[in-house]
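A short reminder: the numbers here are calculations on the coordinates, not readings from a lab. The structure presented is a predicted model; accordingly, all values stated were derived computationally and were not measured. Here the Cβ positions follow ideal geometry from the backbone for every residue, glycine too, while neighbour counts run over all protein chains shown.
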Amino acid sequence: MHIYKIMTADAWSEFQASGRFTGAPIDLTDGYIHFSTAAQARETAAKHFAGQEDLWLVWGAAPQDAALKWEVSRGGAEFPHLYRDWLLAEVTGNAALPWDGAAHVFPDDMA
């Protein structure tokens, strides 16, 4: 299973340059990196990023260590939360997430 992170273009550039992602401001406040499953990503974009441009969808296989926890969040659904930095070596794909005026356009091949 893949986990998905929506991030700004600046954050994605910094992640690529440093090799690790410590989190967006909300992640740092909450103490873990928020991720979504493929089924949750569109709703996450609509709820938290509506109208925002210059976004990227970045994904990787769900880490198999104890730092990844599935916790109940929005609507009682379990979301993946990573309690450590996300390493660039764990990323398996990325795509621009353009805003078309009504919603973000996601890649067709999300796993």
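Being surrounded by 13 or more Cβ atoms within 10 Å (Cβ to Cβ), touching a residue at least 12 places away in the same chain (Cβ under 8 Å) and farther than 16 Å from Ile3 by Cβ narrows it down to one of His34, His81, His104, so name that one.
Unique residue meeting the criteria: His104.
Which of the residues that make up region 1-15 are surrounded by 11 or more Cβ atoms within 10 Å (Cβ to Cβ) and closer than 16 Å to Asp54 by Cα? Give the derivation first.
Residues of region 1-15 that are surrounded by 11 or more Cβ atoms within 10 Å (Cβ to Cβ), as a first pass: 2-9, 11-15.
Across region 1-15, the qualifying residues are Lys5, Ile6, Met7, Thr8, Ala9, Ala11, Trp12, Ser13, Glu14, Phe15.
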Tell me, yes or no, whether region 60-81 has at least one residue that is of a type in the set (Gly, Ala, Ser) and in a helix (DSSP H, G or I). yes
Name the pairs whose Cβ atoms lie under 7 Å apart, with the first residue in region 50-61 and β-branched (Val, Ile, Thr), the second outside any strand (DSSP E or B), and 6 or more positions between them or separate chains? Val58/Trp12; Val58/Val91
Can you tell me how many residues in region 1-56 are touching a helix residue (DSSP H, G or I) at 6+ places or on another chain (Cβ under 6 Å) and charged (D, E, K, R)? 1
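Helices (runs of 4 or more DSSP H) wholly in region 1-50 with at least 2 residues that are within 15 Å of Trp86 (Cβ to Cβ) - which ones? Give the steps one after another, and end with the answer.
Values: elements: 9-18, 25-30, 38-48.
Here the list reads 9-18, 25-30.
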